[in-house]
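A quick write-up on the structure given underneath.
The values are calculated or read from the model by the stated rules, or taken from the named source; none is laboratory data. It should be emphasised that the depicted structure is a prediction, and the values quoted were computed from it without experimental measurement. Methodologically, a virtual Cβ is constructed for each residue, glycine included, from the backbone with ideal geometry; neighbour enumeration extends over all protein chains shown.
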Amino acid sequence: MYSNAELHMFYKVANAPISAFPYPHIYVPNVFPDDYYADMQRNMPDPKHMMPLEVVRKVKGYNERFVLELSEPSLATIEENKRPFWTDFGSWMTSGRFKSLLLAKFRPFIEARFKTALQTLSFHDEALLVEDVTQMALGPHSDSPKKVLTLLFYLPKDDSQAHIGTSIYIPKNPTFVCEGGPHYAFEGFYRLTTMPFKPNSLFCFVKTNNSFHGVEPVTDPDTKRWLLLYDIYQNKPAAPAAPKPN
């Protein structure tokens, strides 16, 4: 059964126009119903329950990012009165319905990347609640080669943090591309635009070898940047079966 919040999100995302340059992406305001977003704000967990991303995912370059997986073991650690909201949210967010909608929306770009029909591939998703802390910065990078789609749901309380959203970059060397992994110095890139970090908005993009994005250095004092990170990954292809002995 669909909830009103899920149907609202589906409608907004499915009908959002795709911007193709420099890589396919969308920006969606008011992605959740207003009353649901207000509930989300009331149920934000205490930051003490967040874990460093470098510990949870064994990745480097995110020492100012703390996360909470929307999974039963992780949600068991948060305040009891806030647990039902995030348990319900996580259950429909990762039910497979949203993943299917996104794969269908971006199908031509995904098939172009993998050079095969979508139905020959398999995918999985995950959702993480994220808190970025003061002084953070993320140099331009194109994301892990395992990623297919990245979604950043912005969760601030008001418009005061609009200037610290995720930026889109192009390299100054027009032939430079990256399969994924390293973060690069800002000096090697032009910043095209910054997605406004406004309440109840979404930035989504297709992982490509030029999907360079990052966050300009945040120098605002005592800043906490809350967001929900939802990702779709390609499943590792199964190893070919060993030949049977003659």
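Here is the figure for region 171-196: residues that are modelled with pLDDT of 95 or more, under 15 Å from Asn210 (Cβ atoms) and assigned to a loop (DSSP other than H, G, I, E, B) total 7. Residue-level check: of (1) hydroxyl-bearing (Ser, Thr, Tyr); (2) surrounded by 15 or more Cβ atoms within 10 Å (Cβ to Cβ); (3) at pLDDT 95 or above, Ser74 misses just (3).
The residue pairs whose first member lies in region 18-46 and is at pLDDT 95 or above, whose second member is among the basic types (Lys, Arg) and surrounded by 14 or more Cβ atoms within 10 Å (Cβ to Cβ), and whose beta carbons are closer than 6 Å, counting only pairs six or more residues apart or on different chains, are Val28/Lys12; Val31/Lys12; Asn43/Lys82.
Okay, residues lined up against (1) touching a Ser or Thr at 6+ places or on another chain (Cβ under 6 Å); (2) in a helix (DSSP H, G or I); (3) touching a residue at least 40 places away in the same chain (Cβ under 8 Å); (4) of a type outside the set (Asp, Glu):
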| site | (1), (2), (3), (4) |
| --- | --- |
| Gln119 | no, yes, no, yes |
| Asp125 | yes, no, yes, no |
| Leu128 | no, no, yes, yes |
| Met136 | no, no, yes, yes |
| Gly139 | no, no, yes, yes |
| Leu149 | no, no, yes, yes |
| Phe153 | no, no, yes, yes |
| Lys157 | no, no, yes, yes |
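When we screen Ile110, Ile168 for residues that are at pLDDT 95 or above, under 20 Å from Ala16 (Cβ atoms), of a type in the set (Val, Ile, Thr) and in contact with a Ser or Thr (Cβ under 7 Å, 6 or more places away or on another chain), the only hit is Ile168.
Before we move on, is Val133 buried (at least 16 other Cβ atoms within 10 Å of the Cβ) and modelled with pLDDT of 95 or more?
The answer is no for Val133.
Restricting attention to region 56-71, the residues that are modelled with pLDDT of 80 or more and either among the acidic types (Asp, Glu) or under 15 Å from Trp226 (Cα atoms) (or both) total 5. Going through (1) modelled with pLDDT under 95; (2) closer than 20 Å to Val13 by Cα; (3) of a type outside the set (Phe, Trp, Tyr) one by one, Leu138 falls short only on (2).
Considering each residue of region 171-196, count those that are of a type in the set (Phe, Trp, Tyr) and more than 17 Å from Phe21 (Cβ to Cβ), and give that number. I'd like the intermediate steps shown before the answer.
Step one: filter region 171-196 for residues of a type in the set (Phe, Trp, Tyr), giving 176, 184, 186, 189-190.
Still in the list and also more than 17 Å from Phe21 (Cβ to Cβ): 184, 186.
Residues flagged as of a type in the set (Phe, Trp, Tyr) and more than 17 Å from Phe21 (Cβ to Cβ) within region 171-196 amount to 2.
Condition first: surrounded by fewer than 20 Cβ atoms within 10 Å (Cβ to Cβ) and not charged (D, E, K, R). Now tell me which residues in region 77-89 satisfy that. Result: Thr77, Asn81, Pro84, Phe85, Thr87.
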